[in-house]
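Notes to accompany the following structure.
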Amino acid sequence: MQPKTVLVTGSSRGIGKAIATAFGKTGCRVVLNASRSKEQLLQTEQELNAMGIHTLAILADVSDYNACQTMFSKIQETFGDVDILINNAGISQISLFSDLQPAQWQRVLDVNLGSVLNCTHLAVPAMVHRKAGVILNISSMWGSVGASCEAVYAASKGGIHAFTRSMAKELGPSGIRVNAIACGVIDTEMNQCFDKEERAALADEIALMRFGKPEEVASLAVSLAGEGASFLTGQIITLDGGML
């Protein structure tokens with residue numbers, strides 16, 4: 001892969017950090033982002049810099065369009081245009097829908113879906129001008145099948161799937177590819193809410209009998225952004241260990 005600039009939202013930890021690291025190892029210039037976890041963001045930046053990866057760490061709430069505009073201006077000043085956009089930022093809210101308040105479900109929608117709209121809107125003009133670019137949305141299998149007690153989370157991810165397919169059709173004539181990875185159960189902090197017994201029961205539902213690793217999502221992300229996937233667009237690729 002030729003050196004490119006890749007923006008990974010929500011990359012201070014977990015899947016985002018693994019993706020940022022994997023792209024950095026290919027020679028890409030990596031823009032790290034977090035909304036609140038400044039210490040973790042700077043720690044990740046230090047770790048990647050120690051590997052010889054050129055990084056730019058930006059604290060910005062990507063659910064806020066104005067904050068995204070400021071972030072893209074900083075990227076432009078430092079690295080130039082974003083070549084590869086990885087929309088990874090996301091939060092979950094495990095609860096019966098009837099127990100949620102409007103502010104709670106709106107926050108999930110703003111972070112999970114709104115951030116994808118915001119960053120895509122700002123990245124696309126330069127990509128269209130260059131007639132090149134890759135947008136990869138990190139989603140969830142629940143966006144395809146729905147999930148009890150995660151209805152709004154699932155709805156936000158389903159929205160990402162529809163947006164992915166739509167943007168692939170809209171941007172394809174400009175040489176821009178848009179795909180999504182629908183993750184299954186990945187071993188990250190988001191799933192630390194489960195106790196030992198619950199984790200074991202959940203693993204039993206997966207054909208490979210284990211949780212996925214952030215590095216496995218990262219490996220697929222790098223492959224999808226590479227030339228080997230140059231004819232692949234508009235796809236929702238499920239990475240769930242055979243759970244569904």
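Once the stretch 67-86 is narrowed to residues that are touching a residue at least 24 places away in the same chain (Cβ under 8 Å) and over 17 Å from THR55 (Cα atoms), the residue that is most open to solvent (accessible area, probe 1.4 Å) is GLN69. The residues listed here are LYS131, LYS38; of these, the one that is in contact with a Leu (Cβ under 8 Å, 6 or more places away or on another chain) and surrounded by fewer than 19 Cβ atoms within 10 Å (Cβ to Cβ) is LYS38.
Checked against the criterion of being modelled with pLDDT of 95 or more, under 18 Å from SER11 (Cα atoms) and in contact with a helix residue (DSSP H, G or I) (Cβ under 7 Å, 6 or more places away or on another chain), the candidates ALA151, ALA123, ALA182 yield just one match: ALA182. I'd like to check something: does the stretch 63-73 contain any residue that is over 20 Å from the mean Cα position of the chain (by Cα) and farther than 23 Å from VAL108 by Cβ? Yes, that holds for at least one residue. The lone criterion from (1) open to solvent by less than 20 Å² (accessible area, probe 1.4 Å); (2) closer than 27 Å to GLY146 by Cα left unmet by ASP110 is number (1). Among the helices (runs of 4 or more DSSP H) confined to the stretch 140-244, the ones with at least 1 residues that are surrounded by 18 or more Cβ atoms within 10 Å (Cβ to Cβ), in contact (Cβ under 8 Å) with a residue 12 or more places away in the chain and among the basic types (Lys, Arg) are located at 151-171. The sole residue among THR26, THR70 that is closer than 14 Å to LYS4 by Cα and of a type outside the set (A, V, I, L, M, F, W, C) is THR26. Does LYS25 fit the bill of being touching a Leu at 6+ places or on another chain (Cβ under 8 Å), open to solvent by 40 Å² or more (accessible area, probe 1.4 Å) and free of Cβ contacts under 8 Å to residues at least 40 places away in the same chain? So LYS25 fails the test.
The values are calculated or read from the model by the stated rules, or taken from the named source; none is laboratory data. In this text the structure is predicted, and so the values were computed from the model without any measurement. Counting neighbours? That spans all protein chains shown, and the Cβs are built from the backbone with ideal geometry, glycine included. Just the protein is used for accessible areas: all its heavy atoms, side chains included, with ligands, DNA and RNA removed. Shrake-Rupley method; radii C 1.70, N 1.55, O 1.52, S 1.80 Å.
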